[in-house]
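To start, the structure itself, in structure tokens.
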Amino acid sequence: MKLVLIFGPQAVGKMTVGQELAKKTGLKLFHNHMTIELLEPLFGFSAEMWRLTDLFRMEIFKSAAVSEMEGLIFTYVWAFNQQEDWASVDKICRVYESKGADIYFIELEAELDKRLQRNKSPNRLEHKPTKRDVMASEAELINSMQTYRLNSYEGEIERENYIKIDNTDLCAGEVAEIIREKFQL
């Protein structure tokens, strides 16, 4: 079993890279908006929606970790200055580590201008209905930079299977190939 955790700021390309990596490896993609898009129409962006999102994700992780699937790709916006995000990542990892799984940490970073372009991409808007109000999504992307640190400092992630990729000038297929080759997926 493998868990590939792709993380980085909004619109950096996590889901699109995950889609390409899934095609190249046969691993299943579970992007973070799959639970958000299910629950937001019912509960809005409320505390209850986030509670259920966390609950659904953990149950999916537990089931996937003991399944016959080869592995799971999960995308996540990790706020490095928020202890609860560190705790969430640790909790996910414990589920997989307890089953002897290999975990791969893939951090993406890109320049703001590129992220703002990607925020409007047809693929993003197709798979993430809550991002279709592009002006609101763009404002959230920019405002979050004032509150959260969405990329790690050098040396902050001390995992053996870790890579940080600046994908500003790389297409998703190129990034997926870098990941596949680096970790022999």
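The values are calculated or read from the model by the stated rules, or taken from the named source; none is laboratory data. It should be emphasised that the depicted structure is a prediction, and the values quoted were computed from it without experimental measurement. Neighbour counts run over all protein chains shown; Cβ positions are idealised from the backbone, glycine included. Surface accessibility is based on the protein's heavy atoms, side chains included, excluding ligands, DNA and RNA. Shrake-Rupley method; radii C 1.70, N 1.55, O 1.52, S 1.80 Å.
Of the residues contained in the stretch 99-114, one or more are found to be part of a helix (DSSP H, G or I) and either closer than 23 Å to residue 180 by Cβ or out of contact with any helix residue (DSSP H, G or I) (no Cβ under 9 Å at 6 or more places or on another chain) (or both).
Would you confirm, using the coordinates I've provided, whether residue 78 is at pLDDT 95 or above, in a helix (DSSP H, G or I) and under 18 Å from the mean Cα position of the chain (by Cα)?
On the way: at pLDDT 95 or above: yes; in a helix (DSSP H, G or I): no; under 18 Å from the mean Cα position of the chain (by Cα): yes.
No: the conditions fail for residue 78.
Within the stretch 35-47, restricting attention to residues that are open to solvent by 70 Å² or more (accessible area, probe 1.4 Å) and assigned to a helix (DSSP H, G or I), which residue is nearest to residue 153 (Cα to Cα)? Steps first, answer last, please.
Within the stretch 35-47, the subset open to solvent by 70 Å² or more (accessible area, probe 1.4 Å) is 38, 41-43, 45, 47.
Next, only the ones that are assigned to a helix (DSSP H, G or I) stay: 38, 41-43, 47.
On the way: 38: 33, 41: 36, 42: 37, 43: 35, 47: 29 Å.
That would be 47.
Whenever a residue of the stretch 47-62 is more than 12 Å from residue 36 (Cα to Cα), its partners that are not charged (D, E, K, R) and not in a helix (DSSP H, G or I), lying with C-beta atoms within less than 7 angstrom and at least six residues away or across chains, give the pairs 60/30.
Flag not set for residue 58, criterion: under 27 Å from residue 183 (Cβ atoms), open to solvent by 40 Å² or more (accessible area, probe 1.4 Å) and under 17 Å from the mean Cα position of the chain (by Cα).
Restricting to the stretch 96-111, name every residue that is among the aliphatic types (A, V, I, L, M) and either surrounded by fewer than 17 Cβ atoms within 10 Å (Cβ to Cβ) or closer than 15 Å to residue 69 by Cα (or both).
So in the stretch 96-111, the residues among the aliphatic types (A, V, I, L, M) come out as 101, 103, 106, 108, 110.
Within the stretch 96-111, 101, 103 meet the criteria.
Among the candidates 145, 135, which residue alone is surrounded by fewer than 12 Cβ atoms within 10 Å (Cβ to Cβ) and either touching a residue at least 60 places away in the same chain (Cβ under 8 Å) or in a helix (DSSP H, G or I) (or both)?
Values: 145 fails: surrounded by fewer than 12 Cβ atoms within 10 Å (Cβ to Cβ).
Residue meeting the stated conditions: 135.
Just one of the numbered conditions (1) in a loop (DSSP other than H, G, I, E, B); (2) modelled with pLDDT of 95 or more; (3) not hydrophobic (A, V, I, L, M, F, W, C) is not true of residue 164: (1). I'd like to check something: does the stretch 149-161 contain any residue that is within 18 Å of the chain's Cα centre (by Cα), surrounded by 13 or more Cβ atoms within 10 Å (Cβ to Cβ) and closer than 21 Å to residue 33 by Cβ? Yes, because at least one residue in the stretch 149-161 is within 18 Å of the chain's Cα centre (by Cα), surrounded by 13 or more Cβ atoms within 10 Å (Cβ to Cβ) and closer than 21 Å to residue 33 by Cβ. Scanning the stretch 2-34 for residues that are open to solvent by 10 Å² or more (accessible area, probe 1.4 Å) and of a type in the set (A, V, I, L, M) returns 22, 29, 34.
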